[in-house]
Amino acid sequence: MLSLIKTSAIAALTLSLAAGSAFAAEHHGHEDRGMSSSGGNGAYYPGISNEDDSMPLAAPVDQTTASIAVRTPRLSNILGELRAANHRMDVKRSEGELNAVAFNRVRREEADIRARAVRVADLHGGMIPNRSYAQLQKDVRRLDWNIARST
């Protein structure tokens, strides 16, 4: 249940960042057109001026959209493979092919791989480095083999 919440939170954050950057890019061009009612100083919002020593307008968000596209696929792939393995475990258990001991062992192994994937992604700003990704894929393949062997 906790992994589902984490996955949902990561997906919601990713979508909100993408939507925010699209919204910022859409309205970014209005600053130069003088669409303000604050005396035509070029600011989009009334009362905000870049000419004084106040805080500058928000930085363009366009740079983050490329990094979002790079961050999620590896973590999504690993989590998707673990969801598939989790489903196979549930099916094998409901069909009586996995006993309770084997089921609990592969369930713990799946939870350990999921926790390591999320931890690595958190440590690297949402990205999974090549070496860690290769190791996580090997662990998922070993989990699949252990599920098949236990039945």
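The values are calculated or read from the model by the stated rules, or taken from the named source; none is laboratory data. Keep in mind the model is a prediction, meaning the values are calculated, not measured. Note that each Cβ is placed from the backbone with ideal geometry, even for glycine, and that neighbours are counted across all protein chains shown. Calculation scope for accessible area: heavy atoms of the full protein, side chains included, ligands and nucleic acids excluded. Shrake-Rupley method; radii C 1.70, N 1.55, O 1.52, S 1.80 Å.
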query: Has region 112-119 got at least one residue that is out of contact with any strand residue (DSSP E or B) (no Cβ under 6 Å at 6 or more places or on another chain) and not in a helix (DSSP H, G or I)?
result: no
statement: Per the filter on region 122-150, residues open to solvent by less than 40 Å² (accessible area, probe 1.4 Å) and of a type in the set (D, E, K, R) are Asp139
- prompt: Out of region 104-121, which residues are open to solvent by 30 Å² or more (accessible area, probe 1.4 Å) and closer than 18 Å to Arg88 by Cα?
  reply: Asn104, Arg105, Arg107, Arg108, Glu109, Ala111, Asp112
